[in-house]
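The values are calculated or read from the model by the stated rules, or taken from the named source; none is laboratory data. Note that the structure is predicted; figures quoted are calculated from it, not measured. As a convention, Cβ positions derive from the backbone with ideal geometry for all residues, glycine included, and neighbour counts pool all protein chains shown.
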Amino acid sequence: MAFPDYRPRRLRKNENFRRLIRETTLTVDDFVYPLFVVPGKKVRRPVSSMPGVFQLSVDEAVKEAREAKELAIPAVLLFGIPDKKDENATGAFHQDGIVQRAVREIKAKVPEILVVTDVCLCEYTSHGHCGILQGQEVDNDPTLEVLAETAVSHARAGADMVAPSAMMDGQVGAIREGLDEAGFEETPIMAYSAKYASGFYGPFREAAESAPRFGDRRAYQMDPPNSDEAMREITLDVEEGADIIMVKPALAYLDVIRRAKEEFDLPLAAYNVSGEYAMIKAAGRLGWLDEPRVMMEVLYAIKRAGADIIITYFAKEAARTLAR
Ligand code: PBG
């Protein structure tokens, strides 16, 4: 087929033609909406680098979950900022910890929405690293026990799914074992399998108050230039029992998403991270680009690349756009 016999513009003439031949569908079913939960009551503190995102006390998080449910968003993903941080992240697995309380409240008041919990230690350690330290290094194997205990405490509180993001070797297996032993063999794991050491997490660290006090996360999160290694990471997580695999961030790693979609036969999530959100919000505010339009373009791109699930701070806005 060549010009002039084939004229691709024939099918681009108007929106109805475009709808008919549109290859990628995006629906509210694809979205997971992240929430940041803090101690207190009636707290709704704006995150300055993420317009539209707030640190929420449990009561406010319930409201937000209800709004998400009303927009038909299937799931929220919870991050907790505890009262006190310590060396050993004890706030992470406390029975009455911030996330555990938020899970219980949301499941009690908005049972229709899935509650997924981030399983990591960086919000709970005084040093801000994702695991237990040995000197200046994060010690892998002792961290596994704490992660497993944390995941079990989330499941006990009623979490529908846990999402380990610490990038410790063996974390999915350790959590699977911990959950099974505690009687939660039906609780699925969404594994942050290929999580890169990314500058795009900057705004999140303001939202979650989890910036490392020294050094960075390059000794456990992946090196951005690598893609074969991402496939090895995903293979390990699949072998250890992941139910959903993830690539994170999304936009600078669309090729990794595509490869993961082609090489693995599990549901694939992509995390449209804080910096990806902040860039669009910032440029939109400056009048440098059309924010609602770019939001949809980006979400379609992540879906087109192969993601089945998109974790995004745009979930509510995009759900409203799709409902129109
Ligand atoms: C770790 C975690 C991070 C994000 C999700 N889980 C931060 C990090 O690894 O530093 C980043 C999410 C985002 O940037 O939106 N608990």
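Scanning the stretch 179-197 for residues that are acidic (Asp, Glu) and within 20 Å of LEU251 (Cβ to Cβ) yields a count of 0. Checking GLU87, GLU149 one by one, the residue that is out of contact with any strand residue (DSSP E or B) (no Cβ under 9 Å at 6 or more places or on another chain) and more than 13 Å from the ligand (Cβ to nearest atom) is GLU149 and no other.
Against the test of being without any contact (Cβ under 8 Å) to a residue 40 or more places away in the chain and among the acidic types (Asp, Glu), the options ASP243, ASP228 yield a single qualifying residue, ASP228.
Scanning the stretch 247-282 for residues that are surrounded by 20 or more Cβ atoms within 10 Å (Cβ to Cβ) and of a type in the set (Phe, Trp, Tyr) turns up TYR253, TYR271, TYR277. Scanning the stretch 205-215 for residues that are touching a Ser or Thr at 6+ places or on another chain (Cβ under 8 Å) and either more than 11 Å from the ligand (Cβ to nearest atom) or more than 17 Å from PHE36 (Cβ to Cβ) (or both) yields one hit, ARG213. Evaluated against (1) charged (D, E, K, R); (2) within 20 Å of ALA148 (Cα to Cα); (3) within 11 Å of the ligand (Cβ to nearest atom), GLU186 falls short on exactly one condition, (3). Looking only at residues in the stretch 300-321 that are among the basic types (Lys, Arg) and more than 16 Å from the ligand (Cβ to nearest atom), the one that is surrounded by the fewest Cβ atoms within 10 Å (Cβ to Cβ) is ARG320.
Within the stretch 144-179, the set of residues being closer than 16 Å to ALA191 by Cα and of a type in the set (S, T, N, Q) comprises THR150, SER165, GLN171. Out of THR117, THR90, one residue alone is of a type in the set (Ser, Thr, Tyr) and under 19 Å from the mean Cα position of the chain (by Cα). It is THR117. Of all residues assigned to the stretch 126-137, none qualifies as being part of a helix (DSSP H, G or I), over 18 Å from the mean Cα position of the chain (by Cα) and not aliphatic (A, V, I, L, M). Being more than 17 Å from HIS129 (Cβ to Cβ) and more than 12 Å from the ligand (Cβ to nearest atom) is a property that holds for ARG156.
Scan the stretch 180-197 for residues that are surrounded by fewer than 23 Cβ atoms within 10 Å (Cβ to Cβ) and either more than 20 Å from ILE309 (Cα to Cα) or among the charged types (D, E, K, R) (or both) and jot them down. Result: ASP180, GLU181, ALA182, GLY183, PHE184, GLU185, GLU186, ALA197. Put simply, of ARG324, ARG285 the only residue that is modelled with pLDDT under 95, surrounded by fewer than 17 Cβ atoms within 10 Å (Cβ to Cβ) and more than 16 Å from the ligand (Cβ to nearest atom) is ARG324.
In the stretch 209-218 there is no residue that is surrounded by 15 or more Cβ atoms within 10 Å (Cβ to Cβ) and touching a strand residue (DSSP E or B) at 6+ places or on another chain (Cβ under 8 Å). For the stretch 189-201, residues that are among the hydroxyl-bearing types (Ser, Thr, Tyr), within 8 Å of the ligand (Cβ to nearest atom) and over 27 Å from LYS84 (Cβ atoms) total 1.
Only one of the listed residues (ARG320, ARG324) is closer than 18 Å to PRO34 by Cβ and of a type in the set (Lys, Arg). That residue is ARG320.
Table: residues versus (1) within 18 Å of the chain's Cα centre (by Cα); (2) within 13 Å of the ligand (Cβ to nearest atom); (3) at pLDDT 95 or above; (4) over 21 Å from GLU297 (Cα atoms).
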residue	(1), (2), (3), (4)
PRO203	yes, yes, yes, yes
ARG217	yes, yes, yes, yes
GLU233	yes, no, yes, yes
ILE257	yes, no, yes, no
ASP265	no, no, yes, yes
